[in-house]
Amino acid sequence: MVMWASDNRAGKVREGLTLLLSQGLIDDFEIRPDDEHPYRVTMPVGVIPLTEHQAAHFLLGAVTARFGPLARDTR
């Protein structure tokens, strides 16, 4: 099973943000390639500007927080 369609980190971050958007965990996102913080994630608290490295860690935290409890549910 292949988890990522992309073969580079930027593509994987885009796919991860798309997953979070489809799950309703973020309100929107925008990518500005020429910006110092190219990833703009929109949440109820506002727009969060992130570097690619920060965005990757944000994705890990958000997915763990959302799906971690489901993975541990043994019912």
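The values are calculated or read from the model by the stated rules, or taken from the named source; none is laboratory data. Remember, it's a predicted structure, so these values are computed and weren't measured experimentally. Here the Cβ is made from the backbone with ideal geometry for all residues, glycine too, and neighbour counts use every protein chain on show. What goes into the accessible areas is simple: the full protein's heavy atoms, side chains included, and nothing from ligands, DNA or RNA. Shrake-Rupley method; radii C 1.70, N 1.55, O 1.52, S 1.80 Å.
Annotations
- Counting only residues that are modelled with pLDDT under 95 and surrounded by 14 or more Cβ atoms within 10 Å (Cβ to Cβ), the range 44-55 holds 0 of them.
- Entirely in the range 1-68, the strands (runs of 3 or more DSSP E) that have 3 or more residues that are among the aliphatic types (A, V, I, L, M): 46-50
- Assessment of the range 25-38 against the conditions (surrounded by 11 or more Cβ atoms within 10 Å (Cβ to Cβ), touching a helix residue (DSSP H, G or I) at 6+ places or on another chain (Cβ under 7 Å) and of a type in the set (V, I, T)) yields at least one matching residue.
- Close pairs from the range 8-23: first open to solvent by 80 Å² or more (accessible area, probe 1.4 Å), partner hydrophobic (A, V, I, L, M, F, W, C) and assigned to a helix (DSSP H, G or I), Cβ under 8 Å, at least 6 apart: R9/A56
- Neighbours by Cβ (under 7 Å, 6+ apart or cross-chain): first from the range 62-73, modelled with pLDDT of 75 or more; second in a helix (DSSP H, G or I) and of a type outside the set (G, A, S): A62/L20
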